[in-house]
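Here's the structure we're looking at; comments come further down.
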């Protein structure tokens, strides 16, 4: 199943199951979604529930909050995470805080879907990863879907959660053919151990999962070690249990993220590991992250600005030599 | 105007003003903290609108104590909220600027200027597709009409013919900035009139406010789309407690105080003989007692327990997994 | 009663205020809302009102004086209540503002303290061990281990006995060196025993480990060779086949200077030419019948067992086969030599075994197991795959073979 089809299936089934589920955003209706995620939904559910909005992100999210207050379960689609900054006030100051500042009286069952990350030469204003910002906001749930199975189950769960959820997708994943499995009692807040290993834990999420999985066989062969790979899935809350179990076993951790290194999401994860698992560590943690530059247009520069399988191998090699692995 | 309605107007406006005065006093004594924005002088807008718009959803800015009282919120619960007590309407977690009561369809003090307008618009959309034409009432100040969220909301509400009343309290000042310095005109209904029927009214006259909101209500209920009202009004106090309001002239203040909504209603009612003089005396006493009780209730209420710190960040289901 | 006017709190950041100007003097009558003073906050000059009617009884602060917020600056005597309960009220009323002031600067601190998560047990545990006293440059996990075992990383690093920085494996090695003799360590390794099963209080020698092994009945792991793994896979697969056995005794007269195995291979190869199914493999819906007699021969080499294939055996002379058999023990085999057979033989006669049965090799249709040659007679057990040879086919083949050997011995 294509990744985008898994998302479509989740939305379609949710809309069929519950009339209060609506989707709104730029081009979600008649056009079918800029990444074809909402394809076919307009014809099926009509303009009242599949809502074409103006290019006004602040209002897309603001309107969705109002709909949620009125009892609907809106799914707001923001064309890319870069544009969500226009809606930041609505997401952070309103959606995330209403429950708390009303002493628990308000409930905002809202899902905000948006793709982020580096695609192919979309340049600085269409290539960012802002999970670090959203993960820092109490009141928000932040999920990052790297694969069809998680995307389907987690999106369905998000739609029916009674809190605002930032649902992160990745532009390069939409057309990817992936394995798909239906799972009962799926827990969207749990990290996935993608591959078990003994000597090194690699934490990652979203598209970097695939870069890591390409790098791992090379690392294992070259260093003669076995690597455990964990896809974090849920960024807020963070599944520290799975992380901790793994690090207690391997004693070493590397985090791979596409986000910029400074203040990136990985910084938080590594900080928690340092606080909670310091005495388990046999080497300083390593972050392999995007460079601290706006994403460039030129393909060579673009690839130089983010981790690639080759760079992951090279950095782990260098790190292992310096740290006695 | 019938006698009963005038009495209600007077009672609620007086209750509102005395509430604000008590809040001011308590703030100065250190019992209320943070930002406190008083509605003194603008009571006709708060009371007139809420009396007319008695169904539907209300989305408001942060100068909302009197609006909440007029909507039916117990002054005790508001005062307790101002005191930061657990008995407050938002359990002491919201304070003066964030009074929420879904039971009254009152969605509260939003402290981001114009931030609540897209939300009100979205709510109106949901109500419309549900066939609930009582619609939505959104109240905001002159400052909000310069923000992008304001124009986005006018555009969407008009494009989709949503049942929503936009009610602008034009008191001419956004903190210390006169509206005319930052807007091409001071009559703000011009900003909306290409989108929807728009009117400028005397916001110091509770009867006029009431009547125009009634008209607007009929308009949205008939499915004719949104309606814009600009009410000229004036706050006697500074923007918040730390503002002395000295950017305004004594002369200007005197003119508006001569149009005081409470005093003028009383004068007019006595002149027309529709309300007996004793009513005012009795009401004043009753109000004083109610406010005294509210302060007492707030003062004697307990502080929230420390365990409240992590309560209400997420729903029950999510609380179990966060952080 | 007395109504105290305090230096007002006029902003969220105001700690003290300066009395700029009094607008009233003692003895003045004031009404609710009247401005009585001007004070300067951190943000602006503000007016102070009275919220009660009365007479100004006392001004407590001079113009120009700066006092903390909530300090009383004036007392207003309110007429009505002054008459009633003159004693009780003044006591409780003025107290209130003093009692109540919440201390906004302190509260958040308390909250964070109480809400801070408890120290994780592991760290708690470590705080009580002398980990901080452990110097040297090492990873946290290495230091933790060193602390548990009482290893002085710094001293060892000074002596050059530990690398800098030291990692877990370095410290673990050090611990082992310290508490185990080399021979004891070798035993631990051989038996895969966790060194920490021992109490590390003294140097542990081979005997102590040996005693531990006996007491706990610890088996020695014996890693499977790749040949062993291949044999296991082969026989497991073989055990799944529908087989049956045929028991016979052949008359055989061995040739001088020719190994018995060579004679067996040659004779079977020739007979196989007359029985196509013995040269067959089963593949899907087909028998693949090979033209040559390719016979797999069980060869034991050390601990390993190989089924080496004698290809085109019917075309080879007895001497050629004998030469081939003679060379088997002292060389390695190519993968081609270990595949391509359809029938096998196994001979345990040299060990004195009189009769046994054998497992069919790979895709072979059968195998002949030869026992010890006694007075020119040999007991042989055939194992056949029923999918390829029925009883009748097998009977014809075995009889033919029996007669061939008989003819040879009669000659």
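Each reported figure results from applying straightforward, stated rules to the coordinates on display, with no laboratory input. Just so it is clear, the model here is predicted, and its values are computed rather than measured. Glycine gets a Cβ as well: all are built from the backbone with ideal geometry, and neighbour counts include every protein chain shown.
Go ahead and collect, in residue order, the members of segment B:34-55 whose backbone nitrogen is under 18 Å from a label point 7 Å along the Cα-Cβ direction of residue B:202. Residues B:41-49 fall inside that zone. Given R0 = 45 Å, the distance between the Cβ atoms of residue A:308 and residue C:289 translates into a calculated FRET efficiency of 0.20.
Each of A:167, C:222, B:137, B:150 was scored by other Cβ atoms within 10 Å of its Cβ. Arranged with the fewest first, they read C:222, B:150, A:167, B:137.
Expressed as a whole number of Å, what is the distance separating the alpha-carbon centroids of segment B:258-288 and segment A:213-241? That distance is 76 Å.
Per-residue packing, averaged as other Cβ atoms within 10 Å, sorts the ranges B:156-163, B:178-185, C:316-323 into the order B:156-163, C:316-323, B:178-185, beginning with the highest. For chain B, averaging the sequence separation of C-alpha pairs within contact (under 8 Å, six or more residues apart) and dividing by the residue count gives a relative contact order of 23 percent.
For the segment B:197-203, counting C-beta atoms of other chains within 10 Å of every residue's C-beta and taking the mean gives 0. State, as an integer percentage, the relative contact order of chain A based on alpha-carbon contacts under 8 Å between residues 6 or more apart. Averaging sequence separation for qualifying contacts and normalising by length gives 15 percent for chain A.
From most to least packed by mean Cβ count within 10 Å, the peptides C:17-24, C:189-196 give C:17-24, C:189-196.
Distance from the alpha carbon centroid of segment A:260-318 to that of segment A:49-86 works out to 32 angstrom. Axis angle, to the nearest 10 degrees, between helix A:57-69 and the longest C-alpha principal axis of chain A: 70 degrees.
With a cut-off of 8 Å between alpha carbons and a minimum separation of six or more residues, what is the relative contact order of segment C:126-215 in percent?
Working: 94 pairs, mean separation 20.3, N = 90.
Rounded, it is 23 percent for segment C:126-215.
Shielding value for C:265-274 is 0, the average number of Cβ atoms from other chains within 10 Å of each residue's Cβ. Peptides A:150-159, B:305-314, B:118-127, ordered by how many other C-beta atoms sit within 10 Å of their residues on average, highest first, read B:118-127, A:150-159, B:305-314.
Cβ-to-Cβ counts within 10 Å put A:79, B:50, A:67 in ascending order as A:79, B:50, A:67, the fewest first. Residues C:15, C:217, A:89 in ascending order of nearby Cβ atoms (within 10 Å, fewest first): C:217, C:15, A:89.
Along its principal axes, the protein assembly as shown has C-alpha extents of 153, 73, 53 angstrom, given from the largest down. When the Cα centres of segment B:202-253 and segment C:260-326 are compared, how far apart do they sit, in Å? Spelled out, the Cα-based centre of one part sits 108 Å from the other.
Note on C:286-294: average number of Cβ atoms from other chains within 10 Å of each residue's Cβ is 0.
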